Amino acid sequence: MADKVFVPPIKIQGIKTKIVPLIKQVAEFADSDVWFEPFMGSGVVGFNVAPKCAFYSDTNPYLIAFYQAIQDGEITSTNVRTYLESEGKKLSELDDEYYYEVRDRFNRHHDPFDFLFLNRACFNGMIRFNKKGEFNVPYGHKPQRFAKAYVTKIVNQVANVEALLRLNDWHFSVMSFDEVIPEVESGSFIYCDPPYIGRHVDYFDSWDEEKEVMLHELLMAHQGKFMLSTWDHNSYRTNDYVYTLWNDCYKTTREHFYHVGARESNRNAVIEALLTNYTPAAIKPEDECVSSVPVQQSLAI
Ligand SMILES: C[S@@+](CC[C@H](N)C(=O)[O-])C[C@H]1O[C@@H](n2cnc3c(N)ncnc32)[C@H](O)[C@@H]1O
């Protein structure tokens with residue numbers, strides 16, 4: 001039976017929850033290795049790989065501050081329940097008005113509890129900041145937003161992170177990938193999940209060709225294994241970078257759905273690609289949706 005995937009307390013667009021089992025198979029991560037994840041996002045990938053030693057980083061300071069707050073004991077599964085129950089009550093009484101009050105408060109004080117509240121009450125679990133660096137996602141209307149079962153679910157997700165942090169030697173830092181990757185020692189494993197070009201851009205989360213080329217250069221110079229998550233194609237377009245820039249890599253693909261748009265019609269099937277600088281040996285043949293070949297032997301659609 002497939003391992004249960006642990007879902008983290010923070011949501012983010014492009015979250016890899018559905019593809020985590022495949023990522024784990026392809027990573028072939030040995031426990032003695034150090035895991036580097038320079039585009040941490042929600043943390044779902046590393047948290048499920050559960051390496052003994054890991055360095056997580058991201059340019060979004062609020063994601064990092066949230067996990068550091070759990071690590072420091074500032075956020076616990078106990079005080080998260082108290083906080084969400086009391087804020088949830090105010091939200092159910094005042095609705096939008098209260099959501100926007102918390103949003104303004106977060107944009108002034110950047111409290112990690114408020115970041116969690118906004119992340120779990122906003123529209124579609126989006127994380128988006130305007131040019132001034134202010135969180136600007138609207139309210140995600142839902143009656144009983146913080147119902148008892150929902151609060152318990154989030155509390156359990158925080159408790160799972162607490163347990164992982166007790167067991168492992170993990171580090172969280174606000175850094176850009178180009179500061180992290182050149183410092184990674186040979187033999188360490190690097191997993192990268194950068195924003196996809198043209199899909200989503202905001203103050204902490206923009207991506208362009210220059211960055212894609214720089215990431216490629218840095219990963220190719222790394223004396224150890226790396227894996228890159230990217231998209232291969234959807235019904236309308238192919239990611240040409242896979243067949244040009246990354247064409248020395250090995251490519252593992254499987255169908256994967258994104259749940260970002262509000263409307264069903266926006267939820268196109270995207271073929272997700274895992275690009276590696278090694279041949280993954282652990283792909284299970286019974287997983288019929290998976291193909292694993294050198295990029296040069298796979299055809300652009
Ligand atoms: C697709 S998301 C990662 C999702 C993550 N793998 C998950 O499953 O939750 C991309 C992340 O890259 C971060 N990011 C954007 N530009 C960056 C940069 N230059 N260096 C490091 N992180 C960056 C964003 O803040 C975002 O959290």
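Read the figures in this text as sums done on the coordinates, not as results from a lab. Quick caveat: nothing in here was measured; it's all calculated off a predicted structure. Heads up, the Cβs are rebuilt from the backbone with ideal geometry, glycines too, and the neighbour counts pull from every protein chain shown.
Data for the structure
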quantity: Estimated FRET transfer efficiency when R0 is 25 angstrom, pair residue 279-residue 223 (beta carbons, to 0.05); calculated: 0.90
quantity: Summed side-chain charge close to residue 89 - residues other than residue 89 whose Cβ falls under 13 Å, Lys, Arg +1, Asp, Glu -1; calculated: 0
quantity: Assigned charges on the beta-carbon of Lys, Arg, Asp, Glu; the range 21-119 dipole about Cα centre (debye); calculated: 180 debye
quantity: Mean separation of Cα contacts under 8 Å, 6 or more apart, over the residue count of the chain: relative contact order %; calculated: 21 percent
quantity: Estimated vicinal HN-Hα couplings, Hz - the range 77-88 in sequence order (Karplus 6.51, -1.76, 1.60; Gly, Pro = x); calculated: 5, 6, 6, 5, 4, 4, 4, 5, 5, 6, 5, x
quantity: Listed residue (245, 150, 207) projecting farthest to the positive dipole end of the chain, Cβ model; calculated: 150
quantity: Cα centroid separation - the range 159-181 against the range 48-125, whole Å; calculated: 17 Å
quantity: Listed residue (141, 126, 55) projecting farthest to the positive dipole end of the chain, Cβ model; calculated: 141
quantity: DSSP-defined beta bridges in the chain - what % are antiparallel, rounded to 5; calculated: 60 percent
quantity: Prolate/oblate/rounded label for the range 73-162 (Cα gyration tensor, a/c 1.5); calculated: oblate
quantity: Cβ-placed point charges (K, R +1; D, E -1), dipole of the chain about Cα centre in debye, nearest 20; calculated: 1060 debye
quantity: More than 37 Å apart - percent of Cα-Cα pairs taken over the chain; calculated: 15 percent
quantity: Lys, Arg +1 and Asp, Glu -1 on Cβ, resulting dipole of the range 73-162 about Cα centre, debye, nearest 20; calculated: 260 debye
